[in-house]
Amino acid sequence: MNTPPFQIGQTVYLARASAHTRVEVPCPVCCGKRSVTLILGNGEHQPVVCEMCSHGCEPPSGVAHEYRAESSVIETTVTGLSLRGGEWKTETEAGYGGDEVFADRDAAEARRAEKLAAEMEYAERMREENLMRRKKKSTWTAGYHRAEVKRLRASLEWHENKLRAKEVQAEERR
């Protein structure tokens, strides 16, 4: 049976990185103005509320939320070891260590830097995708509301004509 890589009570280092740190930034679409102007195919300018900095039913705030990458090396102590599937798993005071447990800080720091680079790339890709999705939503919003206005105007005209028809019928009876 192979020997465990660490001993219970030993000081170890965990390399951690995540792209889930939420930060507020000035809205990159409306620049804090809370609305944008779309130029339609016919050259018409259509102002709409900014979809990047509005959240659900709330109005635009001029502030958008993005997620940034951050990383750290955590010094912790081994609290448990288990052999699963022929591999040693390390538990620490900071939680499960996985493959990111190192005996020296330099090795953990090197792994932290690798993980941070990957998380930064992931965070940037998610930011770009969110930005494109929100811009498309602004276009959809303008089209939807313009179509609804057109439909409601036609409905209003139809109802007004019905009321006028009743007025005409009432005049004819007199």
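At a Cβ-Cβ separation cutoff of 4.7 angstrom, cysteine residues of the chain with no neighbouring cysteine are CYS31, CYS57. Between ARG153 and SER61, what's the calculated FRET efficiency when r is the beta-carbon distance and R0 is 41 Å? Round to 0.05. The pair ARG153/SER61 has a calculated efficiency of 0.85. Taking the C-alpha atoms only, the angle from helix 105-173 to the longest principal axis of the chain is near 10 degrees.
Note on THR76, THR92, THR11: ascending count of other Cβ atoms within 10 Å places them as THR11, THR76, THR92, the fewest first.
Between the beta carbons of ALA113 and ARG22, assuming R0 = 25 Å, the FRET efficiency works out to 0.65 to the nearest 0.05.
Between GLU171 and LEU131, the contour length at 0.36 nm per residue exceeds the alpha carbon distance by 8.4 nm.
Only lysine pairs 8 or more places apart, or on different chains, with alpha-carbon atoms under 19 angstrom apart are counted in the chain, and they number 4. Working from Cα pairs under 8 Å separated by at least six residues, relative contact order for the chain is 27 percent. Could you tell me the center-to-center distance, by alpha carbons, between segment 1-77 and segment 118-152 in angstrom? After rounding, the separation between the Cα centres reads 16 Å.
Since every read-out is calculated from the coordinates, none of them should be taken as a lab result. As the structure is a prediction and not an experimental result, all values here were calculated from the model. A quick note on method: Cβ atoms are made from the backbone with ideal geometry, for glycine too, and the neighbour counts reach across all protein chains shown.
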